[in-house]
Amino acid sequence: MEKLEQLYEGKAKKVYRTDDEKVYWIVYKDDATAFDGKKRGTIKGKSFYNNQISAIMFEYLEGFGIETHMVKLLDDVEMLVKAVEIIPVEVIARNIAAGSLAKRLGLPEGTVLAKPVLEFCYKSDELGDPMINEYHIDAMGYATKEEMASIKEQAWKINELMVDYFKKLDITLVDFKLEFGRYEGRVILADEISPDTCRFWDTKTDEKLDKDRFRRDLGKVEEAYHEVYTRVKG
Ligand code: TMP
Ligand code: ASP
């Protein structure tokens, strides 16, 4: 497979075309941003950790019938993926109140939710990924009702599978963000699953093992990514 021209550069990854129109070549970056790009920095080794952790998570989910965009892990920071059309809706699943939910509803961080919740945001940096509901998604045509039904079903299943997976590693899965894409008429899981896109708390110590260490200047950022990688790698 040949890597051709760059199609897109996101905040955390670059996407290239390949000689197969159904396959994209992704290169993860060490660049870290927060608050819609207003805070910038680098996290040494993040490209490696996020690529490897995502690959392991995609493989795990595939084993339970969740189709993902991963085609092949290439090397430290590169992955081949199916050439999906990204649906511009970020799907957030939450088990414990933290971050923007804790703020919005005045809940102490760490409050266990009686039931998990799903939230949807419109994927737009300029607008700051505003929260939207299914009426907006339908009216704006971001996704069809059928696509949303599939997305919700997959998101609930992924949440269950991931909570279970991380519990065994002494990691509490607080919340996470997913993105889905269209591929050959199906809606499949895309983007990444990593400490950038999940909140991971050490179950024994409550220590944060995710990007909140960067967002909130808590220090030991690389160490947190390394720790999650080590546990996931087993
Ligand atoms: P939030 O509490 O800031 O809304 O974040 C919820 C989850 O979504 C958290 O696990 C971090 C993840 N997330 C992203 O992956 N990208 C983003 O741009 C934001 C704001 C959050
Ligand atoms: N992806 C977000 C940004 O750079 C940051 C975050 O994860 O909080 O804006």
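Summary of values
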{"item": "Within straight-line cross-link reach of residue 115, aspartates and glutamates at Cα separation under 19 Å, skipping those fewer than 8 residues along the same chain", "result": "153, 160, 164, 175"}
{"item": "Filtered GluC sites (Glu not before Pro), the stretch 110-186: DSSP coil and at most 14 other beta carbons within 10 Å", "result": "126, 184"}
{"item": "GNM flexibility winner over the chain from 122, 24, 135 (Cα, springs under 10 Å)", "result": "135"}
{"item": "Ordering of 5-13, 69-77 by burial proxy (mean other Cβ atoms within 10 Å per residue, highest first)", "result": "69-77, 5-13"}
{"item": "Ranked packing of 89-98, 217-226, most packed first, by mean Cβ within 10 Å", "result": "89-98, 217-226"}
{"item": "Inter-label distance for residue 203 and residue 109, nm, one decimal - labels placed 7 Å from Cα along Cα-to-Cβ", "result": "2.2 nm"}
{"item": "Sorted by Cβ neighbour density within 10 Å, fewest at the top, the residues 212, 175", "result": "212, 175"}
{"item": "Candidates 138, 30, 170, ranked by Gaussian network fluctuation over the chain, Cα under 10 Å, top entry", "result": "138"}
{"item": "FRET E, pair residue 86, residue 218, Förster distance 35 Å, beta-carbon r, rounded to 0.05", "result": "0.70"}
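Every number here is computed from the coordinates shown, using simple stated rules; none is lab data. The structure displayed is predicted, hence computed values, not measured ones. Methodologically, a virtual Cβ is constructed for each residue, glycine included, from the backbone with ideal geometry; neighbour enumeration extends over all protein chains shown.
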